[in-house]
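Since the structure comes first, as structure tokens, the remarks are kept for the end.
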Amino acid sequence: REVGMAEARSVPWDAAEEESRLPWLEKKGAAYPTDTMLLKRLAWTAMKAAKPEAAQAALGRIEALIPGEPFGRLLRAYLEANLLRRPKEAAAVLEDLLDKHPQYLLGYSLLGNLYYGLRQPAKAAAVLERAATNKPTLTMGIWGRWFPVYSLDLRRVYTLLGVVYAKDLNDVEKAVFYLGLAADLDPGYADTYRMLGDLLYAQEKHDEAVK
């Protein structure tokens, strides 16, 4: 089961198309061996093309140039979880990343998704609760600079918390609370209202469910 960064893509990618880009990126990577942004593009493209060896090589070069570079570590976790099928190693990478960069909201989201995919809802909730309580304000993209998070990023945390509490931990009150926060942050996301309405209806709060 693919976990983690799957939600970050808006449409499924074509592995063959991604593989066709690899030779050009590898050539550029050889010409500019210290360009970490190029190496991250190479690693991410290799992962989308299901080429774990090429991805590992690019990530190894990034880690040699900038040990512990946050976005590179995020990609390492994705590689471990989804291509190498080593979820425990992926979780260890993300736990270490968040210890060193507790402001990195995307790290919490991915680790929560990872634990949930491993059917460890209590661990998923604990990680996501840390994000909900601390409200990390920064994230990092492929270019390696911190920037303010979007409300969409925090909405994902709240939505998954609502799902975990509703479906796995049987705490409807908390589920309603977090789904309500998610709806406030992203009122255009219809699935949040559907889940919230179902929960309220199950509690026989029919008027609230209709609203």
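Report yes if some residue within the stretch 194-208 is part of a loop (DSSP other than H, G, I, E, B), touching a helix residue (DSSP H, G or I) at 6+ places or on another chain (Cβ under 8 Å), closer than 23 Å to Asn113 by Cα and not aliphatic (A, V, I, L, M); otherwise report no. Write out each step before concluding.
Taking the stretch 194-208 first, the residues part of a loop (DSSP other than H, G, I, E, B) are 203-205.
Restricting the remaining residues to those that are touching a helix residue (DSSP H, G or I) at 6+ places or on another chain (Cβ under 8 Å) gives 203.
Checking which are closer than 23 Å to Asn113 by Cα leaves us with none.
No: zero hits.
Return a yes/no flag: does the stretch 127-149 have any residue that is at pLDDT 90 or above, in a helix (DSSP H, G or I) and either among the hydrophobic types (A, V, I, L, M, F, W, C) or buried (at least 23 other Cβ atoms within 10 Å of the Cβ) (or both).
Yes, some residue in the stretch 127-149 is at pLDDT 90 or above, in a helix (DSSP H, G or I) and either among the hydrophobic types (A, V, I, L, M, F, W, C) or buried (at least 23 other Cβ atoms within 10 Å of the Cβ) (or both).
Consider Tyr115 carefully, then state whether it is at pLDDT 85 or above and surrounded by fewer than 14 Cβ atoms within 10 Å (Cβ to Cβ).
On the way: at pLDDT 85 or above: yes; surrounded by fewer than 14 Cβ atoms within 10 Å (Cβ to Cβ): no.
Criteria not met by Tyr115.
Scan the stretch 45-62 for residues that are open to solvent by 50 Å² or more (accessible area, probe 1.4 Å) and either more than 24 Å from Asn113 (Cα to Cα) or touching a Leu at 6+ places or on another chain (Cβ under 6 Å) (or both) and jot them down. Give the steps one after another, and end with the answer.
Restricting attention to the stretch 45-62, the residues satisfying the condition of being open to solvent by 50 Å² or more (accessible area, probe 1.4 Å) are 50-51, 53, 56-57, 61.
Matches in the stretch 45-62: Glu53, Ala57, Arg61.
Got at least one residue in the stretch 179-187 being of a type in the set (A, V, I, L, M, F, W, C), farther than 17 Å from Leu128 by Cβ and open to solvent by 30 Å² or more (accessible area, probe 1.4 Å)?
Taking the stretch 179-187 and keeping what is of a type in the set (A, V, I, L, M, F, W, C), we get 179, 181-183, 185.
Subset that is farther than 17 Å from Leu128 by Cβ: none.
There is no residue in the stretch 179-187 that is of a type in the set (A, V, I, L, M, F, W, C), farther than 17 Å from Leu128 by Cβ and open to solvent by 30 Å² or more (accessible area, probe 1.4 Å).
Being modelled with pLDDT of 75 or more and in contact with a Gly (Cβ under 9 Å, 6 or more places away or on another chain) is the filter; apply it to the stretch 1-40 and report the residue that is nearest to Gly112 (Cα to Cα).
Only one residue tops the list, namely Lys40.
Could you list, in sequence order, all residues of the stretch 66-112 that are open to solvent by 10 Å² or more (accessible area, probe 1.4 Å) and either part of a loop (DSSP other than H, G, I, E, B) or touching a Ser or Thr at 6+ places or on another chain (Cβ under 6 Å) (or both)?
Passing the criteria: Ile66, Pro67, Gly68, Glu69, Leu84, Arg85, Arg86, His101, Pro102, Gln103, Leu106.
The values are calculated or read from the model by the stated rules, or taken from the named source; none is laboratory data. Every value quoted in this text rests on a predicted model; they were computed, and no experiment measured them. Note that each Cβ is placed from the backbone with ideal geometry, even for glycine, and that neighbours are counted across all protein chains shown. Note: accessible area is taken over every heavy atom of the protein model, side chains too, but ligands, DNA and RNA are not part of it. Shrake-Rupley method; radii C 1.70, N 1.55, O 1.52, S 1.80 Å.
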